[in-house]
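A.B. asks: Just passing along the structure, written as structure tokens.
The values are calculated or read from the model by the stated rules, or taken from the named source; none is laboratory data. All values reported here derive from a predicted model rather than from experimental measurement. Neighbour counts are summed over all protein chains in view; Cβ atoms, including those assigned to glycine, are modelled from backbone coordinates with ideal geometry. Each accessible area value is taken on the protein alone, full model and side chains, heavy atoms only, with ligands, DNA and RNA left out. Shrake-Rupley method; radii C 1.70, N 1.55, O 1.52, S 1.80 Å.
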Protein chains: 4
Amino acid sequence: MTTLTLDGLDATDHATFVTALGDIFEHSPWVAEAAVAARPFGSLAALHEAMVAAVRAAPADRQRALLVAHPDLAGKAARAGSLTASSTAEQASAGLDRLSEEELAAFHRLNDAYREKFGIPFIVCVRRHTKGSILRLFERRLANDAAAEHATALDEVFRIAALRLDQRVQAADRLPLAGRLSTHVLDTHGGSPAKDIPVALYELGPGDARRLVVETRTNRDGRTDQPLIGGRPVPIGTYELVFEVGAYFAKRGVPLADPPFLDVVPIRFAVAEAEGHYHVPLLVTPWSFSTYRGS
Amino acid sequence: MTTLTLDGLDATDHATFVTALGDIFEHSPWVAEAAVAARPFGSLAALHEAMVAAVRAAPADRQRALLVAHPDLAGKAARAGSLTASSTAEQASAGLDRLSEEELAAFHRLNDAYREKFGIPFIVCVRRHTKGSILRLFERRLANDAAAEHATALDEVFRIAALRLDQRVQAADRLPLAGRLSTHVLDTHGGSPAKDIPVALYELGPGDARRLVVETRTNRDGRTDQPLIGGRPVPIGTYELVFEVGAYFAKRGVPLADPPFLDVVPIRFAVAEAEGHYHVPLLVTPWSFSTYRGS
Amino acid sequence: MTTLTLDGLDATDHATFVTALGDIFEHSPWVAEAAVAARPFGSLAALHEAMVAAVRAAPADRQRALLVAHPDLAGKAARAGSLTASSTAEQASAGLDRLSEEELAAFHRLNDAYREKFGIPFIVCVRRHTKGSILRLFERRLANDAAAEHATALDEVFRIAALRLDQRVQAADRLPLAGRLSTHVLDTHGGSPAKDIPVALYELGPGDARRLVVETRTNRDGRTDQPLIGGRPVPIGTYELVFEVGAYFAKRGVPLADPPFLDVVPIRFAVAEAEGHYHVPLLVTPWSFSTYRGS
Amino acid sequence: MTTLTLDGLDATDHATFVTALGDIFEHSPWVAEAAVAARPFGSLAALHEAMVAAVRAAPADRQRALLVAHPDLAGKAARAGSLTASSTAEQASAGLDRLSEEELAAFHRLNDAYREKFGIPFIVCVRRHTKGSILRLFERRLANDAAAEHATALDEVFRIAALRLDQRVQAADRLPLAGRLSTHVLDTHGGSPAKDIPVALYELGPGDARRLVVETRTNRDGRTDQPLIGGRPVPIGTYELVFEVGAYFAKRGVPLADPPFLDVVPIRFAVAEAEGHYHVPLLVTPWSFSTYRGS
């Protein structure tokens, strides 16, 4: 059963259902077990809701066991290669599988401090974050009290489960998890979309770190054929969009200074809502530019 | 005679004049010698003009000797500490005294190729340039023919002399050598100048290099108390102005995203006219910004 | 046969076809007659092309008779109510049925001068124009020579025919006649679309004249539910978009000056390509705004 | 004594002083009388302060008599030509000497209602206002209670006196009464100030009224040689700055649409602080523009 469909899950036998979704909640097939009676779900949203309800209805020690079943971020299990497949891919999405020595030390320090204070691992829905925002969140959440962290950790577990379901199961509905980051280049010197402009998106931090997310070019509408990030959460964090406008204006035959006043234009901004729509356009002449959060 | 005044130079004896200005043209006191008869000058412009006229009137081999008397950029003389005081300061102004191995190799390769082709050292008025623009110019001028390079080298020598005169001699007039780079931050969210914004100016390149030129803060008019660069040429090259606007809006009590959409705003631009006025303002809200070459 | 479909026209008998399309070319059913043999057309574009080909293939005197069959703009036939239904609607679209005395005099003067010079009425595809642009065009075309005007008049006749076909006949394809004028209001103070902003579009001129084209409000995306002008040519001419932003910011609880610095924001611009896409957005804070031709 | 100087007033005899400044407060030479003992003043500010102190120290009925001594705005005295010279000029500055019938009726209705409610005329420092802002203020102040209006009326009397002193008496200091309205046009298509652009400033309202305040052109810095309004309060009200940019870009040889997308650019804004500095620049290309309240 490589491709799961919601209809198939609604129709299959009890055991197959539990096998198929047993790892949606980390090392906790009992959640799928508890949800199976609520079939048929009819929608991915209803399936997710049923699983969340099963966790919420579980006694406190079982909830705690669920939390404890999660691995540390960039922890021993990760280095030992003993993570679940889902956890491995998730941690890699934020670059936690390729940390510098310094970053690794920071994660270990924070993991230890967190476990020491709360008795559970630090849990966060990594696909909604960048390395930098995880570290920042880590520091903040360390300052919470135990009850708040228990609740927050469960919420993050539910987000992780939602993203896993959304990736795994084909259904008519999608869970509302996808943000979008897009751009648009307008040549306000010529009064038209700026086509064929090289655009690169970098994720910044922590420190001076800089990771290329995507490289593309504007099309004849001045947009990119695909959103820079789409169909998934836009990881919370700081970004730089880099537009190469000098060559564009030169090719258009516009008289330019030498070197041109504007050549490579970086736009730095941050994403705070992983499910938000971020449209970050560039309005540009050889002598001016502007940008804004559009919609 | 530590402080030279034009009036003093116009009135002093012949020998003192030549001693005082003997090094305005590199290792070539004959230029001051030739100009002395034209006294009194009355203005710095007239003094410079007289020295230029003396060079132009000299026979070709003497002009060539003047060119040959110049040191290589980042060359052996520089490493040996045997440059004139003026040349030492000039080369330091563009960072030629602290090149990486790779940059040093580039300079040596270009110096050798240039001397090989033209029989004179590569001469450029370094105070009008950055490391990056010197290297770019070097490559370009290597493609010229000998006559063009002889003329260009002389023009650069006259610029070097002008800047040396302008620094050395007090007079009522100033030589028209000063460019200006300034900024202004307007908070178009609140409708007022943005005060107390940290502003840093970096010189970029070659490669990923990044050198802090000046760090300051905006005053109550949203400007800086001093121009970022003023009273001297603005070295040709690429720059980044970096404005810290996130903390400013936070302090103003403006509701912001977390992290704020705009926090550190870099503006990258290039200077092509060392004697130009570059006003590069920032109009900013928590969700948008724009910039332009103003005046 | 109130609703014409292309399939019906392709299948019907000869006489019905000619009756149905006999007035696509003014008082000239012979054009439909000449095109009928080319059936089936399969597309509106092919039908239009066949009619155009029929006119182009006709002898010069027949072409001239077609031109002469057109009424004057705002002429006697219009006042007498003896225009074809199509002409009546077309002339009304540009306000030619409600001219001031002064404008009427201008049209009569130009009509007479044109007929005097060229022996044909002044023909223009009125739906692509405003009163002001018609008068401007009139003056310009009066300066042409007869051959150029014969050709231009035919081109305008083909445009008129195309718009009539496009309105009259249902088909899978549409003729490429529709321009679009749209707007978008972004609140760059709050970082979101500005919803519920009253927007009015006025057509300006000639002189101080000002005619309301459409009044609407922005929706939650900061756009209007319908384009301001869409599905038809955007008449060439000058416009003013008027946005009421003061009340919007007041309602948002933003501290404003009294009276607010920006309250009613007019944006004046001109349309030159009737089939173009004009996106004219407003980026606005209580203290700043910008606009541009977008796409 | 046609030109008054502060030094002269400080030195002259008692009677001359009172004669010279007897009309600074409307029909109330007793204010000058009461202030004379405080000489020498040394500054205009001290003189104004002394006169204000004299009024504040006067018994309530005398203060009331001062208020009652003021004429109605656009009232009988104005029509009869029996205003003081100062009042005549002041009322003319806001156009109260050339009201339409309708406006006149509005003023009479408001004058009567105000006198009926408060027993004093409606007093406002007219030079700080436009017709529109006076009518708006009138309606608002009618809603106040008597004590508030007594205090407000006195404050306005002190402002009137300050402007009269500032115009009448030469001194080393000036009273802080002057606002400023200025503009600046930047051609962000060409990267330079836009020179020789016709600029007109209109005062708007009430209703559709539109009064030309000043017409000028930008100089080579893109600014106007004089501020649009300077050296006096900027009357509170709504304005339109109108820039003729189409001809400018045509003359620059920039390819433009026909008609150009931007030709005459109006910028509408309001002034709320008569003593404020309003810098309202235009950044413009043939296809975009922006403006903001600068400083």
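A.B. asks: Inter-copy label distances at B:Ala65, 7 Å along the Cα→beta-carbon direction, one decimal in nm, shortest first?
C.D. replies: Result, one decimal in nm: 9.8, 9.9, 9.9.
A.B. asks: Would you compute, from DSSP H runs of 4+ residues alone, the mean residue ellipticity of chain D at 222 nm, taking -39500 (n - 2.57) per run and dividing by the full residue count, rounded to the nearest 500? Mind showing how you got there, number by number?
C.D. replies: Numbers: 11 runs with 116 residues, N = 295.
It lands at -11500 deg cm²/dmol.
A.B. asks: With N set to the number of residues, divide the alpha-carbon radius of gyration of region C:4-170 by 2.2 N^0.38 Å and report two decimals.
C.D. replies: Working: Rg = 16.3 Å, N = 167, 2.2 N^0.38 = 15.4 Å.
Compactness ratio reported: 1.06.
A.B. asks: Would you mind telling me which residue in D:His279, D:His48, D:His189 has the biggest mean-square fluctuation in a Gaussian network model of chain D, where springs connect alpha carbons within a distance under 10 angstrom?
C.D. replies: Of the options given, D:His189 has the highest mean-square fluctuation.
A.B. asks: Just counting partner chain Cβ atoms within 10 Å, what average do the residues of peptide D:188-199 show around their Cβ?
C.D. replies: 4
A.B. asks: If you roll a 1.4 Å probe over the heavy atoms of the protein chains, what accessible area per residue do you get for chain B, in Å²? Could the numbers behind the result be given before it?
C.D. replies: Values: 12430 Å² over 295 residues.
About 42 Å² of surface per residue is accessible.
A.B. asks: Is there a simple number for the mean count of other chain Cβ atoms within 10 Å of the Cβ of residues in C:260-268, and what is it?
C.D. replies: Numbers: counts 4, 9, 8, 4, 4, 5, 5, 5, 7.
The per-residue average across the peptide is 6.
A.B. asks: Here's a follow-up. Please say if region A:114-192 is rounded, prolate or oblate, where rounded means a/c under 1.5 for a ≥ b ≥ c the square roots of the C-alpha gyration tensor eigenvalues, and otherwise the choice is prolate for a/b larger than b/c and oblate otherwise?
C.D. replies: oblate
A.B. asks: Further question on the same structure: How large is the charge dipole for chain C, taken about the Cα centre, if only the Cβ atoms of Lys, Arg (+1) and Asp, Glu (-1) carry charge, to the nearest 20 debye? Could you put the intermediate results ahead of the total?
C.D. replies: Numbers: 32 positive and 36 negative charges, 56 e Å.
Magnitude of the dipole: close to 260 debye.
A.B. asks: Need one number: nm distance between label points at C:Glu244 and C:Arg98, each 7 Å from Cα along Cα→Cβ, rounded to one decimal.
C.D. replies: Using points 7 Å along Cα→Cβ, the separation is 2.2 nm.
A.B. asks: Beyond 49 Å, what share of the Cα-Cα pairs of the protein assembly as shown is found? Please give it as a whole percent. Don't skip to the answer; put the middle values down first.
C.D. replies: Working: 361254 of 695610 pairs.
The share of Cα pairs beyond 49 Å in the protein assembly as shown comes to 52 percent.
A.B. asks: How large is the Kirkwood hydrodynamic radius of chain C, counting all unique pairs of alpha carbons, in Å?
C.D. replies: Working: mean 1/r = 0.0468 Å⁻¹.
Taking the inverse mean of 1/r over all distinct Cα pairs, chain C comes out at 21.4 Å.
A.B. asks: Please give the residues of region A:99-140, grouped as numeric ranges, whose backbone N is less than 15 Å from a label point set 7 Å along the Cα-to-Cβ vector of A:Arg79.
C.D. replies: Correct set: A:99-112.
A.B. asks: Report the residue of chain D with the smallest Cβ-to-axis distance, using the rotation axis that brings D onto B, in whole Å.
C.D. replies: Spelled out, residue of D and its Cβ distance from the axis onto B: D:Ser290, 3.
A.B. asks: Same structure again: For label points placed 7 Å from Cα toward Cβ, what is the shortest-first list of nm distances from A:Ala247 to its copies?
C.D. replies: Label point to label point, same position, other copies: 3.8, 4.3, 5.1 nm.
A.B. asks: What does the average come to when, for each residue of peptide A:280-287, you count the partner chain Cβ atoms lying within 10 Å of its Cβ? Each step should come with its number before you reach the end.
C.D. replies: Numbers: counts 1, 2, 0, 9, 1, 11, 5, 14.
Per-residue shielding by partner chains comes out at 5.
A.B. asks: Taking the label point as lying 7 angstrom from Cα along the Cα-to-Cβ axis, what are the distances from A:Ala148 to the corresponding position in the remaining copies, in ascending order and in nanometres?
C.D. replies: Inter-copy label distances (nm, one decimal, shortest first): 4.4, 6.9, 7.8.
A.B. asks: Longer than 21 Å from Cα to Cα, which of A:Lys131/B:Lys251; A:Lys195/A:Lys251; B:Lys76/B:Lys131; C:Lys131/D:Lys195; A:Lys251/B:Lys117; D:Lys195/D:Lys251 are they? Say none if no pair is.
C.D. replies: On the way: A:Lys131/B:Lys251 27 Å; A:Lys195/A:Lys251 11 Å; B:Lys76/B:Lys131 18 Å; C:Lys131/D:Lys195 33 Å; A:Lys251/B:Lys117 33 Å; D:Lys195/D:Lys251 11 Å.
Pairs exceeding 21 Å: A:Lys131/B:Lys251; C:Lys131/D:Lys195; A:Lys251/B:Lys117.
A.B. asks: To the nearest Å, what is the center-to-center distance of region D:1-37 and region C:100-153, using C-alpha atoms only?
C.D. replies: 72
A.B. asks: Next question, about the same structure. Which one of C:Lys251, C:Lys195, C:Lys131 has the biggest mean-square fluctuation once chain C is modelled by GNM with Cα springs under 10 Å?
C.D. replies: Comparing C:Lys251, C:Lys195, C:Lys131 in the GNM, the peak value goes to C:Lys251.
A.B. asks: Over the Cα atoms of region D:179-290, what is the Rg over Rh ratio if Rh follows Kirkwood?
C.D. replies: Details: Rg = 14.3 Å, Rh = 14.4 Å.
Using Cα coordinates only, the ratio equals 0.99.
A.B. asks: What list of ³J(HN,Hα) values in whole Hz, one per residue of region C:264-275 in order, does the Karplus curve 6.51 cos²θ - 1.76 cosθ + 1.60 (θ = phi - 60°) give from phi, with Gly and Pro shown as x?
C.D. replies: 9, 9, x, 10, 9, 7, 10, 9, 10, 10, 4, 9
A.B. asks: Using a probe radius of 1.4 Å on protein heavy atoms only, what is the accessible area buried between chains C and B, both sides summed, to the nearest 100 Å²? Don't jump to the answer; show the numbers that get you there.
C.D. replies: On the way: alone 14240 and 14230 Å², together 27870 Å².
The C and B chains share an interface burying roughly 600 Å².
A.B. asks: Tell me which residues come under 5 Å, amide H to amide H, from B:Val185 once H is placed; ignore anything under 5 positions away on its chain.
C.D. replies: For B:Val185, the qualifying residues are B:Ala194, B:Arg223, B:Leu282.
A.B. asks: Among C:Thr84, C:Thr238, C:Thr16, determine the one that fluctuates most according to a GNM of chain C built with springs between C-alpha atoms less than 10 Å apart.
C.D. replies: Taking springs between Cα atoms under 10 Å, the residue moving most is C:Thr16.
A.B. asks: Roughly speaking, to the nearest percent, how much of chain A's 1.4 Å accessible area is carbon and sulfur? Kindly include the intermediate steps, with their values, before the conclusion.
C.D. replies: Working: 6430 of 12460 Å².
Accessible surface attributable to carbon and sulfur in chain A totals 52 percent.
A.B. asks: Give the dimensionless ratio obtained when the Cα radius of gyration of region A:1-87 is divided by 2.2 N^0.38 Å.
C.D. replies: On the way: Rg = 14.1 Å, N = 87, 2.2 N^0.38 = 12.0 Å.
Here the Cα radius of gyration is 1.18 times the empirical estimate.
A.B. asks: Compute the Rg/Rh shape ratio of region B:217-260: radius of gyration over Kirkwood radius, all on alpha-carbon atoms. Let's see the in-between values first.
C.D. replies: Details: Rg = 14.9 Å, Rh = 13.3 Å.
Ratio of gyration radius to Kirkwood radius for region B:217-260: 1.12.
A.B. asks: Under 20 Å from a point 7 Å along the Cα-to-Cβ line of C:Ala45: which residues of region C:266-286 have their amide N that close?
C.D. replies: C:274-277
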